[in-house]
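Remarks on the structure that follows.
Laboratory data are not the source of any read-out in this text; all were calculated from the coordinates shown. None of these values were measured; they are calculated from a predicted model. Ideal geometry is used to build each Cβ from the backbone, glycine not excepted, and the neighbour counts take in all protein chains shown.
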Amino acid sequence: CVRGIALDRGSMTSHAALIARALEIPAVFGLGNIATAAQTGDILGLDGSRGVVIINPPPRELQRLDGMAADRADVRRELAPLRDLPAVTCDGHRIPLYANVENVGEMSSLEVHGAEGIGLFRTEYLWLASGRPVSESRQTDAYVSAVRTLKGRPLVVRAFDLGGDKFAGSAGLEQEANPFLGMRSIRYLLRHPDVFKAQLRAILRARAEGDVQIMVPMVSDIEELRQSRELLNACVHDVLAEGIDCPPIDLGTMIEVPSAALMADVLARECDFFSIGTNDLTQYTLAADRINERVAHLYQPTHPSVLRLMAMTIEAGHRHRLPVSVCGEMASEPMTALLLLGMGVDSLSMVPSAIPGVKDAVRKATLAQARELAEEALKAESAAEVLRLCRELLGRVAPELLRLV
C-alpha cells in the first residue's frame, strides 16, 4: 500500500501529480534531493500543504502532521452528505460537476463523490498502462464499458494526448529537445491517421450505447479541427457500414494554447463545445514548464493573462451558443471554481475526490458573489491579487474548506 509519494522532480500539475491526487495519495514533488537524502528505514513526514518532506520528524512534528490529516479527514466526512445533491448556488444557478478519469477502474469513485458524469476521459492512459498500442477492439470495450456504467450520464472522451510528459516509445514518438512544443496530441494523431481513425471508430461504437462526445486536445489552428472533422465523418461511414446505428456525435476542442483562445471565435464555428484545459493553457501562456520545479513559481493559473484568454474563450463560445467547460486543475480547487463560475463557465470537470469541496463552495455562494469576484479578478494586475480575492470569498462563504488548502 502506497501511503505517500516524494519525488526529486516534477510539480503539482505534472501528470504524476494528477494521478496521485486521483488516487488520494499525499504527494510532494520537486524536492531536488530526497532520493539521496532519505535512507532505508527513515520515517518521512509529508506536508503537502507546504510542499515539504521532513525526514525522521520529531514527536511534536509528527503530532502536528497527524492533526492536520485528522482535520482534513473530518472536513471530508462532513462533506459526504452532499454526494447526491446538485451544485446549485444560493440564488438558484446550477452548474454540473463532472469527473476526470484515466481508466474504467476509477468509475466507482464517481458514485462515492457524486460526479454527474465524466467530463474528461484521458484515453492515453490505456496506452501508457500497457506500454504498447491499444487495439481498436480493446478501446471499444473500454469506452462501451464506461458508457454502460454511467447509465445515461455523459461521457466526454479526449482523443489520445500523447507526447509532452506522457511519452510512449511504442507510439513511435522520438525524444525531442522540447516535447511540449513538439509532436504531441492532435499533431501526433494527424501524423498517424490510422491510430486516430481506430480510436474514432471505437468511440463511435460507444456512442451507439449512450451519451458520448469527442474532444480534440491541443488544437492550435483551425485546419487541425477541420482535418479531425473529416476523419470523424469518414469513420462514421465505416461504423454505419458495420450495421451499427450511430447517432450524431458532438466534436469539441480543448482550449489549451493561446492561439486557440485568441481564435476561439473562428474555432467556435466548426465545433460543438469548448473545454478549457487550464494546466497547459497556463504553461503555454506564461512560458513556464509545468513539470519543471525550477520555474514552478512562475506557473500561476490565476495570472491575469490566463484569465483574460479564458474570458475571451467563454465569450466567443457563448456568442456561438456553445457550452464551455473547464477540465484543468483550476476546476478542482474551491477557491478558483467560484471564480470560474463567475466567469460564466457552464460546467466543471475535476478529479473525483475534489467534487464534494467544490460542490460545498458552490452551494454556499451566490452567482452574484461569483460574478463580482470574476469582475474584480479580471481587473487585477497579478496572480497573487487574484488568489487573495478568491481566498477572501471562500473564507466568507465556506471557511471550513480553507482547512483543505
Please list, in order along the stretch 359-367, the HN-Hα scalar couplings obtained from phi with the Karplus expression 6.51 cos²θ - 1.76 cosθ + 1.60 (θ = phi - 60°), rounded to whole Hz, x for Gly and Pro. 4, 4, 4, 4, 5, 9, 10, 10, 4
Once the dipole of the chain is set up from charges on Cβ (+1 Lys and Arg, -1 Asp and Glu), the residue from the list A287, A27, L46 lying farthest towards its positive end is L46
Just report the Cα centroid separation between the stretch 5-79 and the stretch 217-288, whole Å. 37
Amide H neighbours of I276 at under 5 Å, excluding residues fewer than 5 places away on the same chain, with H built from the backbone geometry, are I255, S325, V326, C327
Whose amide H sits under 5 Å from the amide H of Q213, counting only residues 5 or more places off or on another chain, with H placed in the peptide plane? L155, V156, V157
Set Lys and Arg Cβ to +1 and Asp and Glu Cβ to -1, take the dipole of the chain about its Cα centre, and tell me which of Y143, G252, I118 lies farthest positive. I118
Could you run the Karplus curve 6.51 cos²θ - 1.76 cosθ + 1.60 with θ = phi - 60° over the stretch 283-289 and give me ³J(HN,Hα) per residue in whole Hz, x for Gly and Pro? 5, 6, 5, 9, 6, 10, 4
Given the options T149, T40, T278, state which has the largest fluctuation in a GNM of the chain using a 10 Å cut-off (strictly under) for Cα springs. T40
Debye-sum result for the stretch 358-397 in log10 I(q)/I(0), which assumes one identical scatterer on each alpha carbon, at q = 0.15 Å⁻¹: -0.33
Placing each pseudo-label 7 Å from Cα in the direction of the beta carbon, A311 and R363 end up separated by a distance in nanometres of 3.1
As an exercise, use a Förster radius of 45 Å and the Cβ-Cβ distance of E230 and R94 to find the FRET efficiency, rounded to the nearest 0.05. 0.80
Helix 136-150: angle to the longest alpha-carbon principal axis of the chain, degrees 0 to 90, nearest 10? 60
Principal axes first, then extents: for the Cα atoms of the chain, list largest minus smallest coordinate on each axis, whole Å, largest first. 69, 53, 39
Using a cut-off of under 13 Å, list every residue of the stretch 378-405 whose amide N is near the label point 7 Å from the Cα of R76 along the Cα-to-beta-carbon line. 404-405
Can you list the equivalent-ellipsoid semi-axes of the stretch 264-395, largest first and in whole Å, using the square root of 5 times each Cα gyration tensor eigenvalue? 20, 19, 15
So what is the relative contact order for the stretch 5-77, in percent, with contacts set as C-alpha pairs under 8 Å and at least six apart? 25
So for the stretch 1-155, Kirkwood radius off the Cα pairs, Stokes-Einstein at 37 °C and 0.692 mPa s: how many µm² s⁻¹? 178
Take the chain, connect every pair of alpha-carbon atoms lying under 10 Å apart with a spring to form a Gaussian network, then pick out the residue of E270, E223, E136 with the largest mean-square fluctuation. E223
Rounded to one decimal in nm, the spacing of the 7 Å Cα→Cβ label points at R64 and V266 is 5.4
Max mean-square fluctuation residue, GNM over the chain, Cα-Cα springs under 10 Å, options P59, P154, P179: P59
Highest mean first, how do 390-400, 356-366 rank when packing is the count of other Cβ atoms within 10 Å averaged over residues? 356-366, 390-400
Before rounding to the nearest 500, sum -39500 (n - 2.57) across all DSSP H runs of length at least 4 in the chain and divide by the residue total; then give [θ] at 222 nm in deg cm²/dmol. -13500 deg cm²/dmol
Calculate the FRET efficiency for A37 and R132 from the Cβ-Cβ distance with a Förster distance of 35 Å, rounded to the nearest 0.05. 0.45
How are the Cα pair distances of the stretch 5-77 distributed, in percent, across 10 Å bins from 0? 18, 48, 31, 3
For a bin width of 5 Å, list the pair-distance distribution of the stretch 63-103 built from all Cα-Cα distances, rounded to whole %. 5, 17, 14, 16, 18, 15, 10, 4, 1
Give me the distance in nm between label points sitting 7 Å out from Cα along the Cα-to-Cβ direction at R294 and L240, one decimal. 5.4
For a quick size check, give me the Cα extents of the stretch 171-264 along its three principal axes, largest first, whole Å. 45, 31, 20
Name the residue farthest towards the positive end of the dipole of the stretch 84-404 from the options I186, L341, A383, assuming +1 on Cβ of Lys and Arg, -1 on Cβ of Asp and Glu, about the Cα centre. L341
